Amino acid sequence: MNIKRTSVATINFIELDKKMLKNCVMIGFPGESTETKMKNSMFTLMPSQRTSEERVPGIQYPDIVAEAFQVFECTWDSTFDTFEDEETLEMHFVLRIDKILLKPRWHKALLKGKGFPTIPVDFGFRNNANFWIARNSKPWAEPIPKNKEMDVNSVLYAAKRIDPDIIWEQEACRKLVKVPRAFLGKVMRSCIDAAKQQGLVTITPEFLDSLRDKRSREKGKS
């Protein structure tokens, strides 16, 4: 109902902590007023982290949970049909993720590819007495399959179409074969803009490495 009223939502991810999960079950149980739920909440609420440029006048954005290791700030995409069953009160929405927030510790872990939060598994399974939650086992990293990679010539062709005045070395193109095709144009334009700012007309693998390292340092500082 709040999504229908405000068109915005926030999804908060918490780590496996039995006290916090027990409190989630308590305040998530249907039938109580918002005031009653909040009196029993152990969570700390903080204002939305959307900047003034990201806010739409007149919309009250949900608070975020300070204890969450990750937060998705979302907007309802009403261009898609919404499923609504008046008898069961079941509703399905398509949410656009506008902003992803990460605790600094897990932000660094994601950049380095090392470390993973202990995330609980909520099976969405319950009876008239219990909600069922389990500990997640240790995750593993699954590389992008080779058959999902693009051909180097396809990347080179895309580069020429985007800006024929910038030359891409083949080995530089090879570094982008794992980029999903839907995002390739945006990634290449970003690289081209950076090259032009430095007065370069040729994009080399070394330049892409330096660009990646610079952005990793910038992300690390943020």
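Exactly one condition in (1) within 20 Å of the chain's Cα centre (by Cα); (2) β-branched (Val, Ile, Thr); (3) within 28 Å of residue 16 (Cβ to Cβ) is not met by residue 75; state its number.
Among (1) within 20 Å of the chain's Cα centre (by Cα); (2) β-branched (Val, Ile, Thr); (3) within 28 Å of residue 16 (Cβ to Cβ), residue 75 violates only (3).
Looking for something at pLDDT below 90 and surrounded by fewer than 16 Cβ atoms within 10 Å (Cβ to Cβ) - is there at least one such residue anywhere in region 41-51?
no
Tell me, which residue of region 52-74 that is closer than 26 Å to residue 109 by Cα and of a type in the set (Gly, Ala, Ser) is surrounded by the fewest Cβ atoms within 10 Å (Cβ to Cβ)?
66
Take residue 83 and decide whether it is under 23 Å from residue 126 (Cβ atoms), touching an Asp or Glu at 6+ places or on another chain (Cβ under 8 Å) and loosely packed, with under 12 Cβ neighbours inside 10 Å.
yes
Filter region 109-155 down to residues that are of a type in the set (A, V, I, L, M, F, W, C) and touching a strand residue (DSSP E or B) at 6+ places or on another chain (Cβ under 6 Å) and give me whichever is nearest to residue 13 (Cα to Cα).
It comes out as 121.
Of the numbered conditions (1) surrounded by 11 or more Cβ atoms within 10 Å (Cβ to Cβ); (2) of a type outside the set (A, V, I, L, M, F, W, C); (3) within 25 Å of the chain's Cα centre (by Cα), residue 32 fails exactly one; give the number of that condition.
Against the list (1) surrounded by 11 or more Cβ atoms within 10 Å (Cβ to Cβ); (2) of a type outside the set (A, V, I, L, M, F, W, C); (3) within 25 Å of the chain's Cα centre (by Cα), residue 32 comes up short only on (3).
Can you tell which of 161, 126 is of a type in the set (D, E, K, R), more than 23 Å from residue 108 (Cα to Cα) and assigned by TED's automatic domain parsing to the domain that holds residue 107?
When all the criteria are applied, what remains is 126.
What's the number of the only condition in (1) at positive phi; (2) in contact (Cβ under 8 Å) with a residue 12 or more places away in the chain; (3) not polar (S, T, N, Q) that residue 121 fails to meet?
(1)
Those residues that are in a helix (DSSP H, G or I) and either of a type in the set (Asp, Glu) or not assigned by TED's automatic domain parsing to the domain that holds residue 61 (or both), I need them from region 6-44; list them, please.
35
Yes or no: region 158-167 includes at least one residue that is within 30 Å of the chain's Cα centre (by Cα) and closer than 30 Å to residue 102 by Cβ.
no
Filter region 134-158 down to the residues that are in contact (Cβ under 8 Å) with a residue 40 or more places away in the chain and farther than 25 Å from residue 124 by Cα and list them by number.
Once the filter is applied, which keeps residues that are in contact (Cβ under 8 Å) with a residue 40 or more places away in the chain and farther than 25 Å from residue 124 by Cα, region 134-158 yields nothing.
The values are calculated or read from the model by the stated rules, or taken from the named source; none is laboratory data. Bear in mind the structure is a predicted one, so any value in this text is a computation, not a measurement. In this analysis, Cβ positions are derived from the backbone assuming ideal geometry, glycine residues included, and neighbour counts consider all displayed protein chains.
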